[in-house]
Amino acid sequence: SHVMSEYVRMTDTERDQIDQDAQIFMRTCADAIHQLRTEAHKGVQSAQVKEHRTAVLDFIEDYLKRVCKLYSEQRAIRVKRVIDKKRL
């Protein structure tokens, strides 16, 4: 808490903007992965290359899902804190 007291706290408006930007970024990433998935096998003859690209895209998609889940959990904590403050 000593370290936090040296810095200015974020406003709710700043947090809302970060949330909005994060959601846009996650959606953009998901769209890019989808587009890569549709383009990944065009013109590729080798089954090994296709399998490799599929595995890489599966890994990236899984990573994005884990990041989104973590973000959602953190946002839920923030929302809960706001609700708890309003109750007091």
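The values are calculated or read from the model by the stated rules, or taken from the named source; none is laboratory data. Source: prediction; values computed, not measured. So basically every Cβ, Gly included, is an ideal-geometry build from the backbone, and we count neighbours across all protein chains shown. Heavy atoms of the whole protein, side chains included, go into the accessibility calculation; ligands, DNA and RNA do not. Shrake-Rupley method; radii C 1.70, N 1.55, O 1.52, S 1.80 Å.
Quick rundown of the values:
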| quantity | calculated |
| --- | --- |
| Pick from the range 17-38, criterion under 17 Å from Leu57 (Cβ atoms) and surrounded by fewer than 11 Cβ atoms within 10 Å (Cβ to Cβ), ranking: modelled with the lowest pLDDT | Thr38 |
| Candidate set from the range 57-83 (those that are over 18 Å from the mean Cα position of the chain (by Cα) and of a type in the set (A, V, I, L, M)); member that is most open to solvent (accessible area, probe 1.4 Å) | Ile83 |
